[in-house]
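Note sheet for the following structure.
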Amino acid sequence: MRIHLALPMLLVTGLLAACTSLQPDPGAAGRAGAAAGVCQADAVAWAVGQPANEEVLARVWRESGAGLVRPIAPGQAVTRDFRRDRLNIHIDRSNVITAIDCG
């Protein structure tokens with residue numbers, strides 16, 4: 001009898017956990033840039049023209065202070081919502097970074 005009650009509870013718990021998301025720390029007032037999770041595209045302008053490999057993207061993410069990184073391929077559909085903690089990395093067909101911006 002207990003398994004009939006426990007199984008649905010486990011299922012509901014799993015579904016609710018799937019709906020949660022981790023967000024970067026918004027930071028305290030007066031904290032700037034990386035400490036607050038705010039994207040700083042100008043800090044990683046050096047990456048334009050670099051290959052979009054794992055090493056470069058990881059360094060760009062660390063140095064930008066962004067909470068999220070979104071690589072964007074040519075013709076890829078993306079949402080138009082603005083997120084101050086998201087770094088957009090535009091990549092061409094040769095897997096080279098062509099532009100970096102926030103949003």
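Name all residues of the range 70-97 having a backbone nitrogen under 18 Å from the label point set 7 Å from the Cα of Glu55 along its Cα→Cβ direction, giving them as ranges. Taking a point 7 Å out along Cα→Cβ of Glu55, the residues of the range 70-97 whose backbone N falls under 18 Å are 95-97. Protein heavy-atom surface of the range 35-103, 1.4 angstrom probe: 53% of the accessible area is carbon and sulfur, with nucleic acids and ligands not counted. Let me make sure I get this right: for the range 36-103, a, b and c are the square roots of the gyration tensor eigenvalues over alpha carbons, sorted descending. Under 1.5 in a/c it's rounded, otherwise prolate if a/b > b/c, else oblate. Which is it? Here the range 36-103 falls in the oblate category.
The values are calculated or read from the model by the stated rules, or taken from the named source; none is laboratory data. For clarity, every value in this text was computed on a predicted model and none was experimentally measured. Reconstructed Cβ throughout: ideal geometry from the backbone, glycine too, with neighbour counts over all protein chains shown. Protein only, heavy atoms only, side chains kept; ligands, DNA and RNA dropped before computing areas. Shrake-Rupley method; radii C 1.70, N 1.55, O 1.52, S 1.80 Å.
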